[in-house]
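Structure first, commentary second.
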Amino acid sequence: MVTKTADPQPFAGLTPEVVLDAAAAVGLAPDGRMFALNSYENRVYQLGAGRGQLVLKFYRPARWSDAQILEEHRFAAELAATLNVAAPLALDGQTLLRYREFRFAAFPWLRGRPPELDAPEARPMLGRSLARLHQTGAQAAFAVRPRIDVERLGWHARRQVLASALLPEALRERYAAVSAALLEQVSASFTATGPLGEIRIHGDCHLGNLLWDEHGPVFVDLDDCATGVRVQDLWMLLSGSPAEQQRQWSELLEGYRQFADFDFRELRLIEPLRALRMLHHAAWVTHRWSDPAFPRAFPWMGEPRYWEGYLQDLLEQIDAIHDPPLLQGK
């Protein structure tokens, strides 16, 4: 990853005029129509252009290196050969574009609606698509993209929160103890599960990164693609009561196993992976707090009562890791 110090307001100079000028500079012929899409880590815009509608994604400085972004682009192109995936356009042979101090990519605008996974056959169809995504992911390996692991998403995240002024001083010692205890349980779970096959995965496969069209799932935003276990791309699609999650899992698995095998030992890692996501999310917001978009989006994280509730959630997650896996199926 890029190691230079992050700008506290990295997109301050990205005015609407600059966005349109950037599009024009790479030959996209913007027509002046522009709509900001929901994104915090990067800045993403839907544009009207000579070739129809496009999406421009401006990468946050000091997050990914050029090599890591290009590896994301190559993975997206591989997936797009067989799946409905948003892959960057190559302009004069380049997918990573530059204008002034900004790095960006242009994507086709893919039509779609929010997924309705309770519709008949929706989850088996999604399972089939994820299996095909993973089969492509297993055909090669990332060289520079990160791994879904305990150090990066757990211990490093913990250090970021402990260094943040957002964490109330009165709760600092308790957070240090609870987060350490949770991470020890996460590490023990990975060790007990044993070696698993890690592949290239989407990495952030939740409903916000999924659309649906007349053909089925449309995968967007591979910004967090990583090396990891397959279940990382599955567990965030489940919600509701234990019985509802088991039904949803059975439907996903019905489709998934038509195209790929699944190692059921990975089910033991769902709660440890959820714990890592909880720790990483808090660290992500605290680390980005100087970006004005984050206090606007997450104002409650500046209040002590949020952290009191968050610590209780971490304690409950320790218990959840100890419980038998919620999901079953063979």
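Each reported figure results from applying straightforward, stated rules to the coordinates on display, with no laboratory input. Quantities reported herein were computed from a predicted structural model and do not represent experimental measurements. Note that we place each Cβ from the backbone using ideal geometry, even for glycine, and neighbour counts take in every protein chain shown.
Taking neighbour Cβ counts within 10 Å as the exposure measure, how do Trp212, Trp109, Trp300 sort from fewest upward?
In increasing order of surrounding Cβ atoms, one gets Trp300, Trp109, Trp212.
If each DSSP helix of 4+ residues adds -39,500 (n - 2.57) and the sum is divided by the residues in the chain, what number results at 222 nm, nearest 500 deg cm²/dmol?
Computed ellipticity for the chain at 222 nm equals -13000 deg cm²/dmol.
Which order results if Ser65, Ser239, Ser129, Ser187 are arranged by neighbouring Cβ count within 10 Å, fewest first?
The fewest-first ordering by Cβ neighbours comes to Ser239, Ser65, Ser187, Ser129.
Working out 0.36 nm times the residue gap between Ser164 and Phe264, then minus their Cα-Cα distance, what length gain in nm do you get to one decimal?
32.2 nm
Got a sec to turn the phi values of the range 178-193 into Karplus ³J(HN,Hα) couplings, 6.51 cos²θ - 1.76 cosθ + 1.60 with θ = phi - 60°, whole Hz, x for Gly and Pro?
Result, ordered by residue: 5, 5, 5, 4, 5, 5, 5, 5, 4, 4, 5, 5, 5, 5, 5, 5 Hz.
Assuming R0 = 41 Å, can you tell me the calculated FRET efficiency for the pair Glu101 and Glu121, based on Cβ-Cβ distance, to the nearest 0.05?
0.30
Going by a ≥ b ≥ c, the root eigenvalues of the Cα gyration tensor, does the chain fall in the rounded group (a/c under 1.5), the prolate group (a/b larger than b/c) or the oblate group?
Since a/c reaches 1.5 but b/c is at least a/b, the shape of the chain is classed as oblate.
Over the chain, what is the mean sequence separation of C-alpha contacts under 8 Å (at least six apart), divided by residue count, expressed as relative contact order in percent?
Relative contact order, the chain: 20 percent.
Please state the charge dipole magnitude for the chain, taken about the Cα centre, from unit charges on C-beta atoms (+1 on K and R, -1 on D and E), reported in debye and rounded to the nearest 20.
520
Using unit Cβ charges (K, R positive; D, E negative) and no other charged atoms, how large, in debye to the nearest 20, is the dipole of the range 207-272 about its Cα centre?
Here the range 207-272 has a charge dipole of around 320 debye.
Using θ = phi - 60° and the Karplus form 6.51 cos²θ - 1.76 cosθ + 1.60, what ³J(HN,Hα) does each residue of the range 225-242 get, whole Hz, x for Gly and Pro?
Once θ is set to phi - 60°, the couplings for the range 225-242 become 4, 7, 8, x, 7, 4, 5, 4, 8, 10, 5, 6, 8, 9, 7, x, 5, x Hz.
Going by how many other beta carbons lie within 10 Å of each one, how would you line up Leu183, Leu234, Leu166, Leu171, fewest first?
In order of increasing Cβ crowding within 10 Å: Leu171, Leu166, Leu183, Leu234.
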